[in-house]
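Following: one structure in structure tokens, then a few remarks.
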Amino acid sequence: RDDTKLAITEQYLKANNLFRNFNDSNQDPVFSEIVELDLSTVVPCCSGPKRPHDRVPVSEMKEDFHKCLINKVGFKGYAVPTEKLSTKVPFVFEGQEYVLQHGSVVIAAITSCTNTSNPSVMLAAGLLAKNAVEAGLSVQPYIKTSLSPGSGVVTYYLRESGVTPFLEKLGFNIVGYGCMTCIGNSGPLPDEVGQAIEKGELVACGVLSGNRNFEGRIHPLTRANYLASPPLVIAYALAGTVDIDFDKDPLGTRSDGSPVFLRDIWPKRDLVQAVEKEFVVPAMFQDVYSRISDGNKRWNELEAPSSHLYPWDEKSTYIKSPPFFDDMELELTGVKPIIKAAVLLYLGDSVTTDHISPAGSIARNSPAARFLAARGLVPREFNSYGSRRGHDEVMARSTFANIHLINKFVKKPGPRTIYHPSGEEMDIFDAAQLYKNDQRPLVILAGKEYGSGSSRDWAAKGPWMLGVRAVIAESFERIHRSNLVGMGLIPLQFLEGQNAESLGLTGQESFTIVLPDDLQPGQLVTVELDNGLNFQAKLRFDTEVDLTYFRHGGILNYMVRRTLGVC
């Protein structure tokens, strides 16, 4: 930063009482709580296999994975039958035979905007790759390896420090910048690998330096996904499995047959620091960011419309004028009751935004795939849900399309539900369309932490487009609750100690929710059922702003009316 910016920053901090001299104890703030951490207890960790907050010490990874295989289905379980625990599936890839089994790594990605912005771990990964190559180790060619930093600066210092050729030797070529494998943009696995996984019903693994690893997010075929530091991604790629104890099991052997352990090639901290000090310099950042708005040749050659209004292309399968304002009226129409709503889904705990609105690849047998195929696209052109977030008809069909979604109405995980009037099982989108034809609103029953994970606007827009008008859950993730309100949906929370099961709800009932005109934040409302029963739930409009947005039908309608000066 230049001196002018530093001076302005210092003045700002002082003006807001945020400037602190850490050598002056009189300036120490008064904290409501002090948390102490014994640094000697900090050990290398990964997290997974299904949630980013399920920490696993690396020394316990092998044991933990074995437990996950036999545990009942859940956040730490796959319920693999005993007779299938040792399943091995041979396959041929590029003329060579390999074997996959539970725990085999098939995706290894150094990815994410945050973890790749730490020069010390990135250089540690590069130096580890250098040591591995010099020891004669390699990564199996069927493992999908990639390096996608969050900044061009990373490319700069990896190249200048001389580690790039070694990363590339192990398959970690730079594939792009920004959201890649972490958001589900890993792309397809080799057909031979995918077929082997499906044939053996294997719990195959992805290891990535990302922020999220919720079910179905990374890749449909990697049922276990572990978050790890960039050098540990290299380590597990070399091992080819998470079923390894690095202290006892070698990564491979040298040309003379001697074993190579991770500790033998792990770079020393003083070396990492010395390389960082020499090659990560301010000039790199200044050079990269001085050109950040220049774009590139392909971007600069794009033709942009000059009209004030965007000229929608009705044939586009990527961008379409959304229907959010189709039924909007200039004046407020009052709070409308929800009458005899059907339950679209009966969900459990920790339903994430990846379950609600996946961003990854579009399955060939999905409603979105059928929609695209009807418009002349072939599977290789489907791309990902994330790439098509500008097209509401694709995104409506993507809602709850996660293949690992557990809906209590159906026996197997997947994007299926029951259309209650006929009792028929079908895709969730198709059922929602039938209810729409019946002119019946929809509600969702859920457990704790509904909407956890990444904040994702389509996780609120998608349910709205399906006709969902309320979500009744034991608790909500903070930002997702706000997003639901922003789309005009009603978040209702079961009272303390209650849930759908304790209230005896089957999900086959019809729900009527009448809200009073004088809504108050956090008030209790009565939910009436068609079987004569009713229960109270807490209205999770937490602020007056929430109520304002809801009365307008959501934040989008509110902003339009505000722009037009009618509110």
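Just how large is the dipole of the chain about the Cα centre, in debye to the nearest 20, putting +1 at every Lys and Arg Cβ and -1 at every Asp and Glu Cβ? If you can, show how the numbers build up before the last one.
On the way: 58 positive and 66 negative charges, 152 e Å.
In total the dipole reaches around 740 debye.
The overall shape of the range 34-166, judged from the alpha-carbon gyration tensor, is oblate: a/c is not under 1.5, and a/b is no greater than b/c.
The length gained by stretching the chain between LEU434 and ASP247 to full extension, at 0.36 nm per residue less their Cα-Cα distance, is 61.6 nm. Highest average first, the peptides 21-28, 84-91 ordered by how many other beta carbon atoms sit within 10 Å of their residues are 84-91, 21-28. Here's how it looks for VAL343: its modeled amide H is under 5 Å from those of VAL443, which are all 5 or more places away or on a different chain. Could you tell me the relative contact order of the range 331-456? Use alpha-carbon pairs under 8 Å, at least six residues apart, and round to a whole percent. Computed over the range 331-456, the figure is 40 percent. Rounded to 0.05, the FRET efficiency of the ASP327 and TRP299 pair, given R0 = 45 Å and the Cβ-Cβ distance, is 0.75. Look at the Cα gyration tensor of the chain: its axes a ≥ b ≥ c give a/c of at least 1.5 with a/b over b/c, and that counts as prolate. Averaged per residue, the chain has 52 square angstrom of accessible surface, using a 1.4 angstrom probe with ligands and nucleic acids left out. For the chain, the mean residue ellipticity at 222 nm estimated from helices alone is -8000 deg cm²/dmol, where every DSSP H run of n ≥ 4 contributes -39500 (n - 2.57) and the total is divided by all residues, rounded to the nearest 500.
For LYS88, the lysines whose Cα falls under 18 Å of its own Cα, not counting residues fewer than eight places away in the same chain, are LYS62, LYS199.
Stretched out straight at 0.36 nm per residue, the stretch from ASP530 to SER306 would grow longer than its current Cα-Cα span by 75.1 nm.
Spin-label model, ALA374/PHE75: points 7 Å from Cα along the beta carbon direction are separated by 3.9 nm.
Let me make sure I get this right: for the range 152-194, a, b and c are the square roots of the gyration tensor eigenvalues over alpha carbons, sorted descending. Under 1.5 in a/c it's rounded, otherwise prolate if a/b > b/c, else oblate. Which is it? Note, shape of the range 152-194 comes out oblate. Can you give the relative contact order of the range 333-406 as a percent, counting alpha carbon pairs under 8 Å and 6+ residues apart? Relative contact order comes out at 38 percent.
Averaging 1/r over each pair of different alpha-carbon atoms in the range 205-349 and inverting the result gives 23.2 Å, the Kirkwood hydrodynamic radius.
Stretched out straight at 0.36 nm per residue, the stretch from SER455 to ASN173 would grow longer than its current Cα-Cα span by 98.6 nm. Considering only beta bridges that DSSP places wholly inside the chain, some 55 percent are antiparallel. Taking Cα pairs under 8 Å and at least six residues apart, what relative contact order does the range 235-297 come out at, in percent? The normalised contact order for the range 235-297 reaches 19 percent. In terms of the mean number of neighbouring beta-carbon atoms within 10 Å, the peptides 551-563, 211-223, 260-272 order highest first as 211-223, 551-563, 260-272.
The values are calculated or read from the model by the stated rules, or taken from the named source; none is laboratory data. Predicted, not measured: the structure shown is a model, and the values here were computed from it. Every residue, glycine among them, receives a Cβ derived from its backbone with ideal geometry; neighbour counts consider all protein chains shown. In case anyone asks, the SASA skips ligands and DNA or RNA and just uses the protein heavy atoms, side chains included. Shrake-Rupley method; radii C 1.70, N 1.55, O 1.52, S 1.80 Å.
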